[in-house]
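Comments concern the structure below.
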Amino acid sequence: MVKVRQDAWSHEDDLLLAETVLRHIREGSTQLNAFEEVGDALNRTAAACGFRWNAEVRQNYEKAVDLAKRQRKERKRAKNQTQTHSEKLPEQGESSKLPVTVESPSVQTTSETVNDSMLDGIIQQLETLKTQMRDQSDIDIIKTDNQQLREENDLLKEELQSLKAQYNSLQEDYQTFITIMDRARKMMILEEGQESPAFQMEKNGNLQQIAK
(Lines give C-alpha, C1' and ligand atoms only; values in the text may rest on other atoms or scores of the structure.)
Protein backbone atom coordinates (compact mmCIF):
# COMPACT_ATOMS: atom_id res chain seq x y z
CA MET A 1 0.00 0.00 0.00
CA VAL A 2 1.38 3.39 -1.03
CA LYS A 3 1.71 5.78 1.89
CA VAL A 4 0.63 9.41 1.30
CA ARG A 5 2.38 12.20 3.18
CA GLN A 6 0.05 14.15 5.46
CA ASP A 7 1.34 17.42 3.99
CA ALA A 8 0.98 16.28 0.37
CA TRP A 9 -0.89 18.57 -2.04
CA SER A 10 -4.10 17.20 -3.50
CA HIS A 11 -5.57 18.09 -6.88
CA GLU A 12 -8.21 20.20 -5.13
CA ASP A 13 -5.48 22.10 -3.24
CA ASP A 14 -3.62 22.87 -6.48
CA LEU A 15 -6.86 23.97 -8.14
CA LEU A 16 -7.67 26.33 -5.25
CA LEU A 17 -4.13 27.74 -5.40
CA ALA A 18 -4.34 28.37 -9.16
CA GLU A 19 -7.81 29.95 -9.05
CA THR A 20 -6.84 32.25 -6.18
CA VAL A 21 -3.59 33.41 -7.82
CA LEU A 22 -5.31 34.08 -11.15
CA ARG A 23 -8.05 36.06 -9.42
CA HIS A 24 -5.55 38.24 -7.58
CA ILE A 25 -3.67 38.90 -10.83
CA ARG A 26 -6.87 39.94 -12.63
CA GLU A 27 -7.86 42.26 -9.77
CA GLY A 28 -4.44 43.95 -9.70
CA SER A 29 -3.41 42.39 -6.39
CA THR A 30 -0.10 40.63 -5.67
CA GLN A 31 0.62 36.93 -5.72
CA LEU A 32 1.88 37.17 -2.15
CA ASN A 33 -1.65 38.16 -1.06
CA ALA A 34 -2.94 35.12 -2.96
CA PHE A 35 -0.43 32.82 -1.21
CA GLU A 36 -1.48 34.16 2.17
CA GLU A 37 -5.17 33.63 1.36
CA VAL A 38 -4.58 30.04 0.24
CA GLY A 39 -2.35 29.44 3.26
CA ASP A 40 -5.16 30.49 5.60
CA ALA A 41 -7.59 28.23 3.77
CA LEU A 42 -5.30 25.16 3.72
CA ASN A 43 -3.50 25.77 7.02
CA ARG A 44 -0.16 26.19 5.25
CA THR A 45 2.44 28.95 5.20
CA ALA A 46 2.52 31.55 2.44
CA ALA A 47 6.06 30.42 1.62
CA ALA A 48 4.88 26.83 1.12
CA CYS A 49 2.07 28.01 -1.17
CA GLY A 50 4.49 30.18 -3.15
CA PHE A 51 6.95 27.32 -3.55
CA ARG A 52 4.19 24.97 -4.70
CA TRP A 53 2.94 27.54 -7.22
CA ASN A 54 6.37 28.23 -8.75
CA ALA A 55 7.66 24.66 -8.65
CA GLU A 56 4.61 22.62 -9.72
CA VAL A 57 1.39 24.46 -10.52
CA ARG A 58 2.31 27.55 -12.55
CA GLN A 59 3.71 25.60 -15.49
CA ASN A 60 0.20 24.22 -16.10
CA TYR A 61 -1.39 27.69 -16.13
CA GLU A 62 1.03 29.82 -18.19
CA LYS A 63 -1.65 30.78 -20.74
CA ALA A 64 -4.14 31.54 -17.98
CA VAL A 65 -1.59 33.79 -16.24
CA ASP A 66 -0.97 35.71 -19.48
CA LEU A 67 -4.72 36.10 -20.00
CA ALA A 68 -5.20 37.31 -16.40
CA LYS A 69 -2.47 39.92 -16.87
CA ARG A 70 -4.13 41.17 -20.08
CA GLN A 71 -7.48 41.36 -18.29
CA ARG A 72 -5.87 43.34 -15.48
CA LYS A 73 -4.38 45.73 -18.05
CA GLU A 74 -7.74 46.19 -19.78
CA ARG A 75 -9.47 46.81 -16.44
CA LYS A 76 -7.00 49.56 -15.58
CA ARG A 77 -7.25 51.06 -19.05
CA ALA A 78 -11.05 51.10 -18.92
CA LYS A 79 -10.94 52.69 -15.47
CA ASN A 80 -8.55 55.39 -16.67
CA GLN A 81 -10.71 56.11 -19.71
CA THR A 82 -13.77 56.49 -17.48
CA GLN A 83 -11.91 58.97 -15.32
CA THR A 84 -10.79 60.88 -18.41
CA HIS A 85 -14.31 61.23 -19.84
CA SER A 86 -15.66 62.35 -16.47
CA GLU A 87 -13.36 65.37 -16.37
CA LYS A 88 -15.07 68.72 -16.74
CA LEU A 89 -15.43 69.96 -20.34
CA PRO A 90 -15.83 73.66 -21.33
CA GLU A 91 -19.36 74.90 -20.73
CA GLN A 92 -21.55 75.61 -23.70
CA GLY A 93 -22.02 79.21 -22.60
CA GLU A 94 -18.32 79.93 -23.06
CA SER A 95 -18.62 79.71 -26.84
CA SER A 96 -21.06 82.64 -26.84
CA LYS A 97 -18.33 84.89 -25.46
CA LEU A 98 -16.27 84.49 -28.65
CA PRO A 99 -16.71 86.96 -31.52
CA VAL A 100 -19.53 85.93 -33.79
CA THR A 101 -18.35 87.62 -36.97
CA VAL A 102 -15.15 89.36 -37.90
CA GLU A 103 -15.20 91.06 -41.26
CA SER A 104 -12.37 92.50 -43.25
CA PRO A 105 -11.76 93.12 -46.91
CA SER A 106 -9.97 89.79 -47.38
CA VAL A 107 -10.82 87.56 -44.32
CA GLN A 108 -14.15 86.58 -42.80
CA THR A 109 -14.32 84.30 -39.67
CA THR A 110 -17.68 82.99 -38.51
CA SER A 111 -18.74 81.51 -35.18
CA GLU A 112 -18.95 78.10 -36.88
CA THR A 113 -15.27 78.25 -37.83
CA VAL A 114 -14.28 79.28 -34.31
CA ASN A 115 -16.33 76.49 -32.73
CA ASP A 116 -14.86 73.85 -35.07
CA SER A 117 -11.35 75.03 -34.26
CA MET A 118 -12.05 74.91 -30.53
CA LEU A 119 -13.54 71.41 -30.76
CA ASP A 120 -10.52 70.20 -32.73
CA GLY A 121 -8.27 71.55 -29.99
CA ILE A 122 -10.31 69.83 -27.27
CA ILE A 123 -10.26 66.54 -29.17
CA GLN A 124 -6.52 66.78 -29.64
CA GLN A 125 -6.01 67.48 -25.93
CA LEU A 126 -8.20 64.51 -25.01
CA GLU A 127 -6.26 62.23 -27.36
CA THR A 128 -2.99 63.40 -25.83
CA LEU A 129 -4.33 62.85 -22.31
CA LYS A 130 -5.61 59.42 -23.30
CA THR A 131 -2.17 58.44 -24.60
CA GLN A 132 -0.52 59.69 -21.42
CA MET A 133 -2.98 57.76 -19.23
CA ARG A 134 -2.37 54.59 -21.28
CA ASP A 135 1.38 54.96 -20.88
CA GLN A 136 0.95 55.50 -17.14
CA SER A 137 -1.23 52.38 -16.95
CA ASP A 138 1.50 50.34 -18.66
CA ILE A 139 4.06 51.70 -16.21
CA ASP A 140 1.84 50.74 -13.26
CA ILE A 141 1.49 47.20 -14.62
CA ILE A 142 5.25 46.88 -15.03
CA LYS A 143 5.77 48.10 -11.46
CA THR A 144 3.22 45.57 -10.17
CA ASP A 145 4.88 42.72 -12.08
CA ASN A 146 8.27 43.81 -10.77
CA GLN A 147 6.95 43.82 -7.20
CA GLN A 148 5.50 40.33 -7.65
CA LEU A 149 8.82 39.05 -9.00
CA ARG A 150 10.65 40.47 -5.99
CA GLU A 151 8.17 38.80 -3.63
CA GLU A 152 8.51 35.47 -5.45
CA ASN A 153 12.29 35.80 -5.28
CA ASP A 154 12.11 36.34 -1.52
CA LEU A 155 9.93 33.25 -1.11
CA LEU A 156 12.33 31.15 -3.16
CA LYS A 157 15.24 32.39 -1.05
CA GLU A 158 13.41 31.29 2.10
CA GLU A 159 12.77 27.86 0.61
CA LEU A 160 16.42 27.58 -0.44
CA GLN A 161 17.63 28.39 3.07
CA SER A 162 15.26 25.76 4.49
CA LEU A 163 16.50 23.13 2.02
CA LYS A 164 20.12 23.99 2.83
CA ALA A 165 19.44 23.52 6.54
CA GLN A 166 17.82 20.14 5.88
CA TYR A 167 20.74 19.10 3.68
CA ASN A 168 23.30 20.05 6.33
CA SER A 169 21.36 18.09 8.94
CA LEU A 170 21.32 15.01 6.68
CA GLN A 171 25.04 15.38 6.07
CA GLU A 172 25.75 15.43 9.80
CA ASP A 173 23.56 12.34 10.35
CA TYR A 174 25.33 10.56 7.51
CA GLN A 175 28.79 11.37 8.86
CA THR A 176 27.75 10.13 12.32
CA PHE A 177 26.48 6.88 10.80
CA ILE A 178 29.72 6.37 8.84
CA THR A 179 31.78 6.96 11.99
CA ILE A 180 29.77 4.40 13.95
CA MET A 181 30.05 1.81 11.16
CA ASP A 182 33.79 2.40 10.89
CA ARG A 183 34.23 1.84 14.62
CA ALA A 184 32.19 -1.34 14.43
CA ARG A 185 34.27 -2.63 11.52
CA LYS A 186 37.51 -2.03 13.36
CA MET A 187 36.24 -3.73 16.51
CA MET A 188 35.14 -6.78 14.48
CA ILE A 189 38.69 -7.46 13.29
CA LEU A 190 39.75 -10.34 15.47
CA GLU A 191 42.94 -12.13 15.99
CA GLU A 192 43.09 -15.68 14.67
CA GLY A 193 41.08 -18.01 16.83
CA GLN A 194 39.61 -15.20 18.99
CA GLU A 195 35.94 -15.54 19.87
CA SER A 196 33.63 -12.96 18.31
CA PRO A 197 32.81 -10.29 20.89
CA ALA A 198 29.35 -8.92 21.66
CA PHE A 199 28.47 -5.23 21.43
CA GLN A 200 25.78 -2.89 22.71
CA MET A 201 24.75 0.63 21.58
CA GLU A 202 25.21 3.42 24.12
CA LYS A 203 22.81 6.38 24.38
CA ASN A 204 25.30 8.68 22.67
CA GLY A 205 25.44 6.40 19.61
CA ASN A 206 28.78 4.71 20.35
CA LEU A 207 29.30 0.94 20.28
CA GLN A 208 30.78 -0.67 23.40
CA GLN A 209 32.00 -4.24 23.70
CA ILE A 210 30.26 -6.26 26.37
CA ALA A 211 32.71 -7.81 28.78
CA LYS A 212 32.37 -11.54 29.24
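The values are calculated or read from the model by the stated rules, or taken from the named source; none is laboratory data. As the structure is a prediction and not an experimental result, all values here were calculated from the model. Backbone-built Cβ (ideal geometry, glycine too); neighbour counts: all protein chains shown. To get the accessible areas, we keep the full protein, side chains included, count just its heavy atoms, and leave off ligands, DNA and RNA. Shrake-Rupley method; radii C 1.70, N 1.55, O 1.52, S 1.80 Å.
Quick notes on this one:
- Based on protein heavy atoms only, segment 1-78 ends up with 63 Å² per residue of surface accessible to a 1.4 Å probe.
- Sorting D145, D154 on solvent-accessible area from highest to lowest, probe radius 1.4 Å, gives D154, D145.
- Using the Stokes-Einstein relation with a Kirkwood hydrodynamic radius computed over Cα pairs, the translational diffusion coefficient of segment 1-65 at 25 °C and a viscosity of 0.890 mPa s comes to 203 µm²/s.
- Mean projected area of the Cα convex hull of segment 30-72, taken over all directions, amounts to 3.1 nm².
- Ordering 49-61, 66-78 by mean Cβ neighbour count within 10 Å, with the highest value first, yields 49-61, 66-78.
- The residues packed around K69, meaning those with a beta-carbon under 12 Å from its beta-carbon, carry a net charge of +1 if Lys and Arg are +1 and Asp and Glu are -1.
- Electrostatic tally near R52: other residues with Cβ closer than 11 Å to its Cβ, Lys and Arg +1, Asp and Glu -1, net -3.
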